[in-house]
Amino acid sequence: MNRSLRAGAVLLLSAALVALSGCTSPDRPGGGASGGSELACGLGNGQKATGTPLKVAALATQSGGVDFSSSPKSTKAYFDCVNDNGGINGRPIVYQIGDDALDPTKTAQLAAGFAADKDIVALVGDATFVGCDVANIELKKAGLLSITGVGVPQACFESSNIAPVNAGPRTSALATLQYFIRNNQASKFFALGLNTRGNGDWVADGIEKVAKAKGVDLVGNILNDPNERNWLPTISQLQQSGATSLVIADPAPITASILAAAEQQDAKGSIQWSCTASCYDAQFAEQIGSYWEGFVANSELQLVTETSGTDQKQWLAVMDKYAAKDAPRDTFSQAGYLAGKIFVDTLLKVSDPATLNRETVTKALLAIKGYTSDLLCAPWYYGEAEEHHANHATRMAKVENGKWVSAEGCQDVDDPDMDAIKQAEQSKGLLVP
Amino acid sequence: MNLLPFIVAGLVSGSVYALSGVGVLVLYRTTGVLNLAHGAIGGLSAMIAWQLVQWELQPPVAFALCVAIGAALALAFGLVAGPFLARIDELRKAIATLGFALAILGTMLYAWNDKARTLRLPTSQISFPLGGARVNLTHVICLALAVAVVIAAVLALRYSALGASMRALASDRELAAVLGTNVRLVENTAWAFSGAVAGVSGILLADQNRLEPAALTFFIIPVLATVVVGRFASLWLTLLGGLGIGLVESLVSSWTVLSAFSTAVPFVVATAVILASRRRGVIPIGVVRA
């Protein structure tokens, strides 16, 4: 009997596996937007780079319950494309991704390891959810710079050696609030965020300051436990607040569960619901269902569904040709690609590739200013500063028939805490090449 | 504040606790294994169900297949690990299942990225207002299913030959084996039943709550509290415990001052039950296995 039971179990599992493998995956959103044949990254000469490798690394949270590897994955895809097209004037990029597993101690260890390896010339496409502050200490000591793909905590935007390409959760939430103000939908505003130090509290602080400055009645500014499963109290508070609009500044899975709970209570009402860029990806729009038609999100870069624009088309083509089929095609992927492209475009200007080392690369990166791309709304720059927050102009999107469509084009975001940064942009001429 | 939505939500989550609690309890009574991988098995079932629906398999077929996968996964673990688990003490048995849970969780995190996912049962689309609350058909099914499974389990244990064998094993495993009970068959049946219940619970929970591997894996925590209320012995007390914990948890969450502590309710209830039992000289696990 044991034998037959074992055989039965094996058969059942086999049947399940066959059922799984027999199913076909639907087409990926955005895929195939551009053929790989005209793909010309970097030098674009179609020749494999064979010179002395140039070592580049990235810090990313890939495991530990959060997977933020979308950014370095697209950076790697872009670097692979560059290496197939002449590299950095003949030198191929060797790219290494360190997973901090959502543990700041490990982020510090990885950063120290990268700093100690003198052959690593820069960090590009990073996306650590927890360790910008500890990483910056190591990077600063070693004179190593990071063009971060995705910065989330406050520290990622307030570090001397880290410059994110994305706008960050605070700017994203404020962009959404200001979109509602422009559309006369923010007479009573409600904000929901994550109760995490240096992230949720930073976003909530920005919401409070901007609401006060713009005369918005902030009827709720709540931070929830990341492990919360019961959204009924929050929905109840929202309904009682009389809010006309709200922004959810939580990761996409949490936002989706909040929306599912609200849908079960039929709590959408006349409130205009929205989220920050953390939920702006194609899968989110498909998953939330038709009940949420018109749901709004902020996009920190070009809309992922856009098919025009040189860099947008190249990003899609690079992902199709060089990334795994299931690698996300989201805002963070765009950010990783763009971080890689900024790095490559900058180093290609150095005429003698043999002179590229940590010192010369750092010097070249610090000098980046007025970098333009159709993915961005405004020029990006690095510059010597104790804080870096170049991306503060974003777009808005809304859900139509399970897909994101444009709701509003580029708009600069007001944040009282960024006045010094914006003044420096002008006084130092950082927005012009 | 209208408390009815909280009462409905509490009864629904409580009924899923109770349903899972029955699965955990039957397995525990039969094999002596406190299966800490129960939530993970349900989680994997729900994730596969989502994947199959994405691949355009008919939802009812996908859900049925995933309940079968839950049963097969638990049965496979029982078949492979059961003979070894039979020789070790209960604490180490539970730890072994914790390893199984972490292996399943790791597999889920590897197989699926952390993008947003929702699993909507067709029954959740059918809803009606009830005194300011919104009740959908899935809510009703959760409650009815928990009660039905408890009744079915009680009747099966009392009147079927397999149930008698399960009770014999629960009373004295060695003696039951000497008297000719097919221990392996009974244990494997319990594993499969428990796995199927985990699969159903996982799918219901994914619809009502969060479709996330970690959230579904750690769903075992309130379920364990439910089994503690059932004193590792009573199916009816497990049902009442599940409903009670769900209800109190939800009502506590409605009170803004205490809302953040609502997740502590299962621990508080379980601790209170253990302390009360000790005061009366009863140590629940010992009673069952003595």
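The values are calculated or read from the model by the stated rules, or taken from the named source; none is laboratory data. Note that this is a predicted model, so its numbers are computed, not measured. For neighbour counting, all protein chains shown are included, and Cβ atoms are generated from backbone atoms with ideal geometry for every residue, glycine included. Side chains are part of the model used for accessible areas, which takes the heavy atoms of the whole protein and leaves out ligands, DNA and RNA. Shrake-Rupley method; radii C 1.70, N 1.55, O 1.52, S 1.80 Å.
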Checklist line | Counted residues, the range A:241-260 - those being modelled with pLDDT under 90 and surrounded by fewer than 22 Cβ atoms within 10 Å (Cβ to Cβ) | finding: 0
Next item on the list: Return a yes/no flag: does the range A:315-327 have any residue that is of a type outside the set (Ser, Thr, Tyr), open to solvent by less than 10 Å² (accessible area, probe 1.4 Å), within 14 Å of chain B (Cβ to nearest Cβ) and part of a helix (DSSP H, G or I).
Entry: no
Check: What number of residues in the range A:134-149 are assigned to a helix (DSSP H, G or I), open to solvent by 10 Å² or more (accessible area, probe 1.4 Å) and closer than 18 Å to A:Lys55 by Cβ?
Finding: 2
Checklist line | Inter-residue pairs, beta-carbon under 8 Å, first touching a residue at least 60 places away in the same chain (Cβ under 8 Å) and in the range A:419-430, second open to solvent by 40 Å² or more (accessible area, probe 1.4 Å), 6+ apart | finding: A:Gly429/A:Lys369; A:Leu430/A:Lys369
Checklist line | Matching option when the condition is in a helix (DSSP H, G or I), within 12 Å of chain B (Cβ to nearest Cβ) and crowded, with 23+ Cβ neighbours inside 10 Å, among A:Phe343, A:Phe332 | finding: A:Phe332
Check: Which number in (1) assigned to a loop (DSSP other than H, G, I, E, B); (2) open to solvent by 10 Å² or more (accessible area, probe 1.4 Å) marks the one condition that A:Leu301 misses?
Finding: (2)
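How many residues does the range B:124-137 contain that are part of a helix (DSSP H, G or I) and closer than 30 Å to A:Ser278 by Cα?
2
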Item checked: Search result, residues across the range A:229-268 that are farther than 16 Å from A:Gln287 by Cα, more than 8 Å from chain B (Cβ to nearest Cβ), free of Cβ contacts under 8 Å to residues at least 40 places away in the same chain and touching a helix residue (DSSP H, G or I) at 6+ places or on another chain (Cβ under 7 Å) -> A:Trp231, A:Ile235, A:Ala267, A:Lys268
Check: Among B:Ala116, B:Ala153, B:Ala76, B:Ala101, which is under 30 Å from A:Ser69 (Cα atoms) and touching a Leu at 6+ places or on another chain (Cβ under 7 Å)?
Finding: B:Ala101
Next item on the list: Can you run down the residue pairs with Cβ atoms below 7 Å, 6 or more apart or on separate chains, where the first is in the range B:107-130 and surrounded by fewer than 16 Cβ atoms within 10 Å (Cβ to Cβ) and the partner is in a strand (DSSP E or B) and β-branched (Val, Ile, Thr)?
Entry: B:Phe128/B:Val135
Check: Got at least one residue in the range A:221-241 being at positive phi, part of a loop (DSSP other than H, G, I, E, B) and not hydroxyl-bearing (Ser, Thr, Tyr)?
Finding: no
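Matching residues to (1) at pLDDT below 95; (2) within 26 Å of A:Ser146 (Cβ to Cβ); (3) out of contact with any Leu (no Cβ under 6 Å at 6 or more places or on another chain):
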{"position": "A:Ser278", "(1), (2), (3)": "yes, yes, yes"}
{"position": "A:Ala282", "(1), (2), (3)": "yes, no, yes"}
{"position": "A:Ile288", "(1), (2), (3)": "yes, no, no"}
{"position": "A:Asn298", "(1), (2), (3)": "no, yes, yes"}
{"position": "A:Met319", "(1), (2), (3)": "no, yes, yes"}
{"position": "A:Ala327", "(1), (2), (3)": "yes, yes, yes"}
{"position": "A:Thr331", "(1), (2), (3)": "yes, yes, no"}
{"position": "A:Gly336", "(1), (2), (3)": "no, yes, yes"}
{"position": "A:Phe343", "(1), (2), (3)": "no, yes, yes"}
Margin query: I need every pair where a residue in the range A:55-74 that is over 14 Å from A:Asp326 (Cα atoms) and open to solvent by less than 10 Å² (accessible area, probe 1.4 Å) has its Cβ under 7 Å from the Cβ of a residue that is aromatic (Phe, Trp, Tyr) and not in a strand (DSSP E or B), sequence separation at least 6 or different chains.
Written below: A:Ala57/A:Phe114; A:Ala60/A:Phe68; A:Thr61/A:Phe68; A:Thr61/A:Phe129
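I'm trying to understand the selection: among the residues of the range A:188-203, which are in contact (Cβ under 8 Å) with a residue 24 or more places away in the chain and open to solvent by less than 70 Å² (accessible area, probe 1.4 Å)?
First, the residues of the range A:188-203 that are in contact (Cβ under 8 Å) with a residue 24 or more places away in the chain: A:188-196, A:198-200, A:202-203.
Those that are in contact (Cβ under 8 Å) with a residue 24 or more places away in the chain and open to solvent by less than 70 Å² (accessible area, probe 1.4 Å): A:Phe189, A:Phe190, A:Ala191, A:Leu192, A:Gly193, A:Leu194, A:Thr196, A:Gly198, A:Asn199, A:Gly200, A:Trp202, A:Val203.
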Next item on the list: Report yes if some residue within the range B:49-59 is more than 14 Å from B:Ser194 (Cα to Cα), surrounded by 23 or more Cβ atoms within 10 Å (Cβ to Cβ) and in contact with a Cys (Cβ under 9 Å, 6 or more places away or on another chain); otherwise report no.
Entry: yes
Notebook entry, point to check: What are the residue pairs meeting all of these: first residue in the range B:32-55, first residue touching a residue at least 12 places away in the same chain (Cβ under 8 Å), second residue charged (D, E, K, R) and assigned to a helix (DSSP H, G or I), Cβ atoms under 8 Å, and 6 or more apart or on different chains?
Noted result: B:Gly32/B:Glu90; B:Gly32/B:Lys93; B:Gly32/B:Arg173; B:Gly32/B:Arg289; B:Val33/B:Glu90; B:Val33/B:Lys93; B:Leu34/B:Glu90; B:Leu34/B:Lys93
Note to self: If B:Ala71 satisfies all but one of (1) part of a helix (DSSP H, G or I); (2) open to solvent by less than 10 Å² (accessible area, probe 1.4 Å); (3) closer than 29 Å to B:Tyr110 by Cβ, what's the number of the condition it fails?
What the structure shows: (2)
Checklist line | Residue in the range B:180-196 that is open to solvent by 60 Å² or more (accessible area, probe 1.4 Å), within 21 Å of B:Ala18 (Cβ to Cβ) and among the aromatic types (Phe, Trp, Tyr) present | finding: yes
